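Have a look at the structure below before the remarks.
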Amino acid sequence: MLNRVILMGRISQDLELRQTPTGVSTLTFNVAVERSYAKQGEERQADFITCVAWRQQAEFISRYFAKGRMIAIEGNLRTRNYEDKNGTRHYVTEVFVDSVSFTGEPKQGGSSYGASNNYSQPQQTAYNAEPAKESIAIGDFSDFEEVLSDDGVPF
């Protein structure tokens with residue numbers, strides 16, 4: 001069976017990294033994805049898709065992205081339901097983030113992410129919604145440097 005989602009859109013809210021009671025990082029945010037068509041004389045509509053990131057992915061997104069920034073996400077679709085305090089059942093569909101990439105959009109402040117600078121978290125397996133007992137540290141992205149020359153690129 002196949003359950004893959006690939007999105008590219010703009011983050012539509014301020015990001016708030018949270019921690020579970022056991023210290024696992026989590027981030028829930030919406031991505032506004034424009035529809036590929038618009039009725040004549042009307043503005044193009046957008047869908048606001050809820051995304052959930054856990055652990056290193058959540059920390060990476062909260063550190064390097066912000067409201068209004070373009071983001072590319074790959075993940076899987078999950079559904080859940082819950083009952084509120086009034087007894088009303090709610091159904092929720094979310095994208096659980098597996099990997100995230102910069103889109104090549106110019107960085108605010110003048111410099112840009114060139115086509116050769118598409119930084120991405122390594123592909124990881126999908127995380128369970130249940131918190132893990134151990135903590136995993138990720139590397140420091142300050143080890144990378146921006147390459148401004150495209151000499152030697154075969155295309």
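Residue count for segment 15-47 under the criterion of being under 18 Å from Val95 (Cα atoms) and part of a loop (DSSP other than H, G, I, E, B): the result is 4.
Counting the residues of segment 80-104 that are open to solvent by 40 Å² or more (accessible area, probe 1.4 Å), of a type in the set (Asp, Glu) and part of a strand (DSSP E or B) gives 1.
Within segment 48-64, the residues that satisfy the criterion of being out of contact with any Asp or Glu (no Cβ under 9 Å at 6 or more places or on another chain) and either under 24 Å from Thr22 (Cβ atoms) or outside any helix (DSSP H, G or I) (or both) are Phe48, Trp54, Arg55, Gln56, Ala58, Glu59, Phe60, Ile61, Arg63.
Looking for whichever is hydrophobic (A, V, I, L, M, F, W, C) and modelled with pLDDT of 95 or more here; the options are Ala38, Ala66, Ala46, Ala72. Which one fits? None of the others qualify; the one that does is Ala72.
Kindly check whether there is at least one residue in segment 36-55 that is free of Cβ contacts under 8 Å to residues at least 40 places away in the same chain, open to solvent by 40 Å² or more (accessible area, probe 1.4 Å) and within 22 Å of Leu2 (Cα to Cα). So far as segment 36-55 goes, no, none of its residues is free of Cβ contacts under 8 Å to residues at least 40 places away in the same chain, open to solvent by 40 Å² or more (accessible area, probe 1.4 Å) and within 22 Å of Leu2 (Cα to Cα). Does Ala72 satisfy being of a type in the set (Gly, Ala, Ser) and either touching a Lys or Arg at 6+ places or on another chain (Cβ under 7 Å) or open to solvent by 30 Å² or more (accessible area, probe 1.4 Å) (or both)? So Ala72 fails the test.
Being assigned to a strand (DSSP E or B), free of Cβ contacts under 8 Å to residues at least 60 places away in the same chain and among the aliphatic types (A, V, I, L, M) is a property that does not hold for Leu77. Checked against (1) open to solvent by 40 Å² or more (accessible area, probe 1.4 Å); (2) touching a Leu at 6+ places or on another chain (Cβ under 8 Å); (3) part of a strand (DSSP E or B), Lys67 meets all criteria but (3).
The values are calculated or read from the model by the stated rules, or taken from the named source; none is laboratory data. Note that this is a predicted model, so its numbers are computed, not measured. Ideal geometry is used to build each Cβ from the backbone, glycine not excepted, and the neighbour counts take in all protein chains shown. Side chains included, ligands, DNA and RNA excluded: accessible areas come from the protein's heavy atoms. Shrake-Rupley method; radii C 1.70, N 1.55, O 1.52, S 1.80 Å.
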